[in-house]
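The values are calculated or read from the model by the stated rules, or taken from the named source; none is laboratory data. Keep in mind that this is a model prediction, so the values were computed, not measured. Positions of Cβ are generated from backbone atoms using ideal geometry, with glycine treated the same way; all protein chains shown enter the neighbour counts. The protein model used for the area step is the full one, side chains on, heavy atoms only, and it has no ligands, DNA or RNA in it. Shrake-Rupley method; radii C 1.70, N 1.55, O 1.52, S 1.80 Å.
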Amino acid sequence: MVAFLEDSLQYLNNKHEDLASLTIILPSKRAGGFLLNYIKGQTTKTNFAPRIISIETFIEAVAELQIIDSTELLFKSYESYLKLESIKEKESFDSYSSWATTLLGDFNEIDRYLLDAHSFFNYLEAVQDINHWYLQDERTELIQKYLNFWESLASFYHLLTTSLTNERLGYQGLVYRKAAENIETYCNKNNSPHIFLGFNALNNAEQQIFKAILKSPVNDVIWDTDSYFMEDKGHSASLFLRKYKSTW
């Protein structure tokens, strides 16, 4: 049985005269190593390899931002937290780090799925305020601090993302958002064939990036699936691929 990467390579060899002209984007660097080994095995003469990169390397190039290390992000976010004027009494870094990782994970998902951050945080603030409206006359200092925290999330998000992008940095979701915003500009500057290889479920930012790239007929996306899964409407294995096939 022919492996997916090997099968994809045969398809690309038939379609393109020179693989060296291609940029091949895979879900991980590890997959790129396997693909390069297949290329070596099929090559009979000295030639240049295509540009093989992971999706994260690709979005960094499109966004013109570098994905920050999680530990460095924690410290950078604490600097932004200390600048929040709406929170008068700041927590120590030890206390902050106990809950900040969860919040930063939420920021990451907001950006990966291209949610309107301003509307999202306004909604959260309203929900928390409604949950405590009946305590209007008996709000303790602790409850008021709790509500002030929710009211500060939008400012915190803005301070953090602005600080990071000014340094050409970003957590993964932020880099995805910026890449989705910049993808049309990238496409206008780069006309060499781009191949997306081996992806499945995509976040909203990835979908926007893929669709922009695929507007050019020289570009391709190659999915790893088979007719059994695609034809079985009730099978979850091809749920996302069926959606892309019908809506793109």
Quick one: Cα centre-to-centre distance for the range 153-171 and the range 89-106, in angstrom? 16 Å
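Could you tell me the calculated FRET efficiency between Ala126 and Ser97, based on Cβ-Cβ distance and R0 = 25 angstrom, to the nearest 0.05? Before the final figure, lay out each step's value.
On the way: r = 28 Å, r/R0 = 1.13.
About 0.30, to the nearest 0.05.
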Which far-off residues, 5 or more places away or on another chain, put their amide H under 5 Å from the one on Ile24, with H placed in the peptide plane? Arg51, Ile52, Ile53, Ile195
Using Cα positions and a limit of under 19 Å, work out the lysines in reach of Lys215, with same-chain residues fewer than 8 apart set aside. Lys15, Lys189, Lys243, Lys245
I'd like the Karplus ³J(HN,Hα) series for the range 152-161: coefficients 6.51, -1.76, 1.60, θ = phi - 60°, whole numbers in Hz, and an x wherever there's a Gly or Pro. 8, 4, 4, 5, 4, 4, 5, 4, 5, 5
So if R0 is 22 Å, what FRET efficiency would Asn37 and Lys15 give, r being the distance between their Cβ atoms, rounded to the nearest 0.05? 0.55
Per 0.36 nm of contour for each residue apart, how much would the distance between Glu167 and Ser86 grow if the chain were fully extended, relative to their Cα-Cα spacing? 26.7 nm
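Within the range 43-95, list the GluC sites (Glu not before Pro) lying in a DSSP loop whose Cβ has at most 16 other Cβ atoms in a 10 Å radius. Let's see the in-between values first.
Working: sites: Glu56, Glu60, Glu64, Glu72, Glu79, Glu85, Glu89, Glu91; in loops: Glu64, Glu85, Glu89, Glu91.
Hits after loop and neighbour filter: Glu64, Glu85, Glu89, Glu91.
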Amide N of the range 51-77 lying under 14 Å from the label point, which is placed 7 angstrom from the Cα of Arg30 along Cα→Cβ: none
Which lysines have a Cα less than 29 Å from the Cα of Lys88, not counting those fewer than 8 places away in the same chain? Lys76, Lys145
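Tally Lys/Arg at +1 and Asp/Glu at -1 over every other residue whose Cβ is under 12 Å from the Cβ of Ile110; what's the total?
Values: positive: Arg112, Arg177; negative: Asp106, Glu109, Asp111, Asp116.
Result for the local shell: -2.
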Using modelled amide H (1.01 Å from N, peptide plane; none on Pro or chain starts), what sits under 5 Å from the amide H of Val221, excluding residues fewer than 5 places away? Phe196
Once you place label points 7 Å from the Cα toward the Cβ at Glu64 and Lys211, how far apart are they in nm? 2.5 nm
Just to check I understand the Karplus step: with θ = phi - 60° and J = 6.51 cos²θ - 1.76 cosθ + 1.60, what whole-Hz values come out for the range 94-104, glycine and proline as x? 4, 5, 4, 5, 6, 10, 5, 4, 5, 5, 5
Over all distinct Cα pairs, what is the inverse of the mean 1/r for the range 1-108, reported as the Kirkwood hydrodynamic radius in Å? 17.6 Å
Among the trypsin sites (Lys or Arg not before Pro) within the range 84-118, which fall in a DSSP loop and have no more than 15 other Cβ atoms within 10 Å of their own Cβ? Lys88, Lys90
What is the extension gain from Val218 to Glu109, computed as 0.36 nm multiplied by their sequence separation minus the C-alpha to C-alpha distance, in nm to one decimal? 36.1 nm
Placing +1 at every Lys and Arg Cβ and -1 at every Asp and Glu Cβ, with all other atoms neutral, what dipole size does the chain have around its Cα centre, in debye to the nearest 20? 980 debye
Of the range 171-201, those with amide N under 18 Å from the point 7 Å along the Cα→Cβ vector of His118 are 178, 181
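What is the gain in length, in nm to one decimal, between Asp232 and Asn200 on full extension, counting 0.36 nm per residue of separation less the C-alpha to C-alpha distance?
Working: separation 32, 0.36 × 32 = 11.52 nm, distance 1.65 nm.
Gain on extension, Asp232 to Asn200, equals 9.9 nm.
Can you give the calculated 222 nm mean residue ellipticity of the chain, where each DSSP H run of n ≥ 4 adds -39,500 (n - 2.57) and the sum is split over every residue, rounded to the nearest 500 deg cm²/dmol? Before the final figure, lay out the partial values.
Numbers: 11 runs with 151 residues, N = 248.
The helix contribution divided over the chain gives -19500 deg cm²/dmol.
Pop out the carbon and sulfur fraction of the accessible area of the range 147-248 as a percent, whole number, probe 1.4 Å. Kindly include the intermediate steps, with their values, before the conclusion.
Details: 2550 of 5160 Å².
The computed percentage sits at 49.
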Low-density loop trypsin sites (Lys or Arg not before Pro), the range 153-248, at most 16 other Cβ within 10 Å, DSSP non-H/G/I/E/B, are Arg168, Lys215, Lys233
